[in-house]
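See structure below.
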Amino acid sequence: MTVDTLAVEAPSDDVDTPSEAALADTTPTEAPTAAVEDADVEESAPAPKKAPAKKAAAKKAKTIELTLTITGTADGEWHAELKQGSTYLARGVAVAAAAVSRAAKELHEDLSTPLDEIIEEARSQQAAKVAALEAELEAARQALADLA
């Protein structure tokens, strides 16, 4: 940057430009009151940059992530647990197979179809077990009748 210098004048008590303290108190949006009158200055001091305007953040719905785990056995025992992040909200809650089926139907068909197939298979196994136990009970009754 090239600047032509002027002769230094003696300081005077008459002030027609703001003091440094007054300039420090101005906000970046105010224009300085002192103007550069020297036409020989090739580059002027850069104007203070305004802070970029903050964009209003789009309102985003807060996402809540919960994990519901339902486990079942071939004996028809179903349990549920509910987890938020790494914290368990409920653990080992016994639920009926019919309630699991109804809940899956309420949520979505893609959930209810495979779940109903699993429940139906467990129902078939339980029916076979009941039939076997009934046959064993009938055999035990017959043996008891033979002893009488």
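Can you tell me how many residues within segment 57-74 are loosely packed, with under 10 Cβ neighbours inside 10 Å and under 12 Å from ALA97 (Cβ atoms)?
As a first pass, look at segment 57-74 and keep what is loosely packed, with under 10 Cβ neighbours inside 10 Å: 57-66, 73.
With the extra rule that they be under 12 Å from ALA97 (Cβ atoms), the set shrinks to 73.
Qualifying residue count for the region: 1.
The set of residues in segment 86-95 being loosely packed, with under 11 Cβ neighbours inside 10 Å and out of contact with any Asp or Glu (no Cβ under 7 Å at 6 or more places or on another chain) consists of SER86, THR87, ALA94.
Among residues belonging to segment 64-90 that are of a type in the set (D, E, K, R) and under 23 Å from the mean Cα position of the chain (by Cα), point out the one that is nearest to ARG123 (Cα to Cα).
Residues of segment 64-90 of a type in the set (D, E, K, R): 65, 75, 77, 81, 83.
Still in the running and under 23 Å from the mean Cα position of the chain (by Cα): 65, 81, 83.
On the way: GLU65: 32, GLU81: 23, LYS83: 28 Å.
Per the stated criteria, the residue is GLU81.
Under the condition of being out of contact with any helix residue (DSSP H, G or I) (no Cβ under 8 Å at 6 or more places or on another chain) and in a loop (DSSP other than H, G, I, E, B), the residues counted in segment 74-89 number 3. Selection over segment 93-117 of residues that are touching a strand residue (DSSP E or B) at 6+ places or on another chain (Cβ under 6 Å) and under 17 Å from LEU66 (Cβ atoms) gives a count of 3. Does segment 57-65 contain at least one residue that is touching a strand residue (DSSP E or B) at 6+ places or on another chain (Cβ under 8 Å), of a type in the set (A, V, I, L, M, F, W, C), at pLDDT 70 or above and in a strand (DSSP E or B)? Looking for residues that are touching a strand residue (DSSP E or B) at 6+ places or on another chain (Cβ under 8 Å), of a type in the set (A, V, I, L, M, F, W, C), at pLDDT 70 or above and in a strand (DSSP E or B), one finds none in segment 57-65, hence no. Residues that are more than 30 Å from THR63 (Cβ to Cβ), over 24 Å from the mean Cα position of the chain (by Cα) and among the small types (Gly, Ala, Ser) do not occur anywhere in segment 99-112. Residue pairs whose Cβ atoms lie under 6 Å apart, sitting 6 or more positions apart in sequence or on different chains, and linking a residue in segment 125-148 that is without any contact (Cβ under 8 Å) to a residue 60 or more places away in the chain and in a helix (DSSP H, G or I) to a partner that is surrounded by 10 or more Cβ atoms within 10 Å (Cβ to Cβ) and small (Gly, Ala, Ser), are GLN125/ALA74; GLN126/GLY76. Going by the conditions given, is LYS49 at pLDDT below 85, surrounded by fewer than 10 Cβ atoms within 10 Å (Cβ to Cβ) and among the charged types (D, E, K, R)? So LYS49 passes the test.
The values are calculated or read from the model by the stated rules, or taken from the named source; none is laboratory data. Values in this document were obtained by computation on a predicted structure and should not be read as measured data. Cβ atoms come from the backbone with ideal geometry, glycine included; neighbour counts cover every protein chain shown.
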